[in-house]
Amino acid sequence: MAKTTPKIIERVYNVPLRKEFMKVARWKKTKKAVTALQQFLAKHMKTKNVKLSKELNEHVWKHGIKNPPHHVKVTVSKDENGVAHAELFGETVVATPKKKAKKETPKAEKKADVKEEATTEEPKAESKSEPSVKKSA
């Protein structure tokens with residue numbers, strides 16, 4: 001039996017956003033533009049699962065919530081699981097390795113300082129708790 005290579009579909013789209021974001025209030029425009037971008041890609045790539053890259057998202061939000069771009073040129077690739085990954089046209093994706101979490105070592109010096117402070121504060125608290133009685137002559 002011959003092994004089949006995974007089908008990866010890659011396409012380039014110039015997505016029109018203006019027609020959709022003009023339908024909403026001024027302060028909702030960029031949010032609607034992102035939603036319109038996802039809906040456009042879901043329709044044309046025939047999948048419900050669409051992922052936008054960080055650079056693409058930052059490009060759409062570059063001028064704030066009131067002023068999104070009218071068109072966005074994107075490169076979309078669909079993997080064998082049916083997930084469409086959209087990137088800004090011309091951007092190269094570099095896989096970054098995951099960082100390992102550092103193990104925190106307990107520091108004995110700080111614990112000793114805290115204990116010393118606690119012991120020095122106790123006698124002060126005792127002297128304050130004694131009621132002072134004034135005797136009248």
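A few comments on the model shown:
- When the residues of segment 1-57 are filtered to those that are small (G, A, S) and modelled with pLDDT of 95 or more, the one that is farthest from S77 (Cα to Cα) is A25.
- Strands (runs of 3 or more DSSP E) completely within segment 1-95 that count 2 or more residues being free of Cβ contacts under 8 Å to residues at least 40 places away in the same chain and surrounded by fewer than 18 Cβ atoms within 10 Å (Cβ to Cβ): 49-52
The values are calculated or read from the model by the stated rules, or taken from the named source; none is laboratory data. Fair warning: this is a prediction, and the values are worked out from it, not measured in the lab. Note that we place each Cβ from the backbone using ideal geometry, even for glycine, and neighbour counts take in every protein chain shown.
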